[in-house]
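Remarks on the structure that follows.
The values are calculated or read from the model by the stated rules, or taken from the named source; none is laboratory data. Since the model is a prediction, treat every value here as computed from it, not as a measurement. Here the Cβ is made from the backbone with ideal geometry for all residues, glycine too, and neighbour counts use every protein chain on show. We work out accessible area using only protein heavy atoms, side chains counted, and drop any ligands, DNA or RNA first. Shrake-Rupley method; radii C 1.70, N 1.55, O 1.52, S 1.80 Å.
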Amino acid sequence: MNSLLKILVEVLFACLFAACGREAKNYWDDVDNGKDDPIENPNAAKPRYIWIDAAANFPDFANSKENIARDLSLAKDAGFTDIVVDVRPTTGDVLFKTDVVDQVKYLYAWIGSTYTKVERSATWDYLQAFVDEARKQNLKIHAAINTFVGGHVINGGTGLLFRDASKADWATQLNLKTGIVNVMNTGESTKFLNPAHPDVHTFLCNLLKDLAKYDLDGIFLDRGRFLNLTTDFSDVTRKQFEAYLGGVKIQNYPDDILPLGVSSLPSTYPQYLMKWLEFRAKVICDFMQKARSAVKSVNSKMKFGVYVGGWYSTYYDVGVNWAASSYDPSRYYKWATAKYKNYGYAEYMDQMLIGAYASPLKVFGSTEWTMAGFCSLAKEKTAGKCSIVVGGPDVGNWDTDNKVSQEQENQAIVQSVKACMDVCDGYFLFDMIHLKKAEQWQYAKQGIQQAIK
C-alpha cells in the first residue's frame, strides 16, 4: 500500500478504533501478517459418507418416501455429504429396476426386541426415491450391492439359489471335515456364490450395468469376496487353479492346499497353500476389473468403488488384496508370495470405504484395531492409487460385550470423525439405523463440526 495513503488511513482507523480500544497499528500488523485471512481446514472439503443397510432400515423406508426425506434431512443436518444406500441385501434380490434378478418383496428386521418380517407393498422405485430426495437436498448419492451372494436362509430360504435349481453350481463349495460341501447344504446363513465362476461374473456385470443407468454419483461393491478361507473348492475353481499353476494336476486335493475342516492357516503350510492365496486374490482382482468396465460402459463418469474391512493383515482369508499393486505384503506377512502384490486392486477404484471397526475405546492409534490406525494404514497400503480412501466406525456393533457406557460410545462417535478424517480422505459411518435407534445424530454432528472447523 502507498505509504502516504497508509498513514492517512491509519489516522482514520485510529480514530474509529479508539472507541473500541483497538489500535490501528495492531490492525495493520494483523493484515500484513495475514492473521485476518481465514485458515482453510483441509477436512472441510472431505466427504462424509453414511451407509443405509437395506434390511435394518426397511421398516422405515420400504413403503415411505416421507421417511426417506426425513432421514436424509437428518443426515444432511448432521454434516454428512454422501449417502450410500444398500439396494441388494444378502438375499441377493434387489431394490432397483432390472430384469436380471427378482425384486425384494420382504426383509426381516429388528423392531424393538422382535425380529419381524417387513413386506414391501409400495410399487414406486426404491432406489429412485433416494436419488430424487438426495438431489433435492444437494446430497451425493451412491448405491451399494452385496456382491457374491445368492440367498439367505431366512423364512425357509430366500433368493436366487433357493428358487432356481439350475443355478446350483453357482453356489460356493466349502472344504469341511466331512468333505467338500455345497454351501446350500451347510449352516451358513448367507449363501455365497462362487467368485471364480464365469457365469456368476456375467450375471453380476449385467446387474451392475442396470444399476449404472441411475443418476448416481457412485456404486460400491460390498462382499466382493470369498465367503471365508474354506471356499471355494468346487471343480470349477480347482480347474482354474491347476491352469494357473501351469497345468499341474493336484493329486492330493484339497489337502495339498488346505486339509479338510481347517478354517485358519495351519502352522505348517501345505505345498500349494500360498499359491492358492495368491490365486484367490487374482480371481477377485480380475472380477473387479470386469465390474469396473461394466459400470463405466454405461456411465464413464460414475465412481466405482468397494467397501472392505480395514484388517488387511488377515483379509487374505476372503481372497481380497485391496492394496495398491506397488505395496508388497510379502515383506511383512508370512502368507503372501512375492507375486501376491500383483493382484492389488486399489488402482481400479475411484473410492474405497474402509471399515475401521474398532472398539469405542480404540479411537486413536497407529495400528490395526484402532480407528485412526485402520485409516492411516489403508492410506499407506493404497499408496495414492485410489484418490478417495475413507474410513470410520460401525457404531452399533462395536461393543458386543457391553463393556462401554452409552456416554463413552457417544463420545467415541464425536472423536472418531476427526481421528479418521485427519489421516484419510474423509469419514464413513455404518450404519444410519444405529444413529436413529440410539438417538446419536447429535454426536455425529458434533464430531463433524469439530473436524471441519
Would you check which residues across segment 271-299 are more than 16 Å from residue 337 (Cα to Cα), open to solvent by 10 Å² or more (accessible area, probe 1.4 Å) and outside any loop (DSSP other than H, G, I, E, B) and list them? 286, 289, 290, 292, 293, 296, 297, 298
Residue 355 passes all but one of the listed conditions (1) open to solvent by 20 Å² or more (accessible area, probe 1.4 Å); (2) out of contact with any Cys (no Cβ under 8 Å at 6 or more places or on another chain); the exception is number (1)
Out of segment 124-168, which residues are of a type in the set (Phe, Trp, Tyr) and over 28 Å from residue 318 (Cβ atoms)? 124, 126, 130
Among the helices (runs of 4 or more DSSP H) lying completely within segment 348-453, list those that include at least 3 residues that are over 17 Å from the mean Cα position of the chain (by Cα) and touching a residue at least 40 places away in the same chain (Cβ under 8 Å). 406-421, 432-437, 441-452
Filter pass, residue 124 being open to solvent by 40 Å² or more (accessible area, probe 1.4 Å), hydrophobic (A, V, I, L, M, F, W, C) and not in a loop (DSSP other than H, G, I, E, B): no
Can you name every residue in segment 90-120 that is open to solvent by less than 60 Å² (accessible area, probe 1.4 Å) and touching a Phe, Trp or Tyr at 6+ places or on another chain (Cβ under 6 Å)? 95, 107, 108, 109, 118
Counted residues, segment 57-89 - those being under 17 Å from the mean Cα position of the chain (by Cα) and open to solvent by 30 Å² or more (accessible area, probe 1.4 Å): 1
If we ask which residues in segment 210-221 are closer than 25 Å to residue 166 by Cα and in contact with a Ser or Thr (Cβ under 7 Å, 6 or more places away or on another chain), their number turns out to be 1
Tally of residues being touching a residue at least 40 places away in the same chain (Cβ under 8 Å), among the hydrophobic types (A, V, I, L, M, F, W, C) and either outside any loop (DSSP other than H, G, I, E, B) or open to solvent by 50 Å² or more (accessible area, probe 1.4 Å) (or both) across segment 222-270: 2
So if I check each of 327, 315, which one is at pLDDT 95 or above and either part of a loop (DSSP other than H, G, I, E, B) or surrounded by 21 or more Cβ atoms within 10 Å (Cβ to Cβ) (or both)? 327
Six or more apart or on different chains, Cβ under 6 Å: which pairs go from a residue in segment 173-198 that's farther than 14 Å from residue 319 by Cβ to one that's assigned to a strand (DSSP E or B) and small (Gly, Ala, Ser)? Could you list them? 182/171; 183/171; 184/171; 191/150; 191/151
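Let's see how each residue does on (1) of a type in the set (Ser, Thr, Tyr); (2) surrounded by fewer than 24 Cβ atoms within 10 Å (Cβ to Cβ); (3) touching a Lys or Arg at 6+ places or on another chain (Cβ under 6 Å):
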site	(1), (2), (3)
370	yes, yes, yes
380	no, yes, no
383	no, yes, no
392	no, no, no
397	no, yes, no
403	no, yes, no
407	no, yes, no
415	no, yes, no
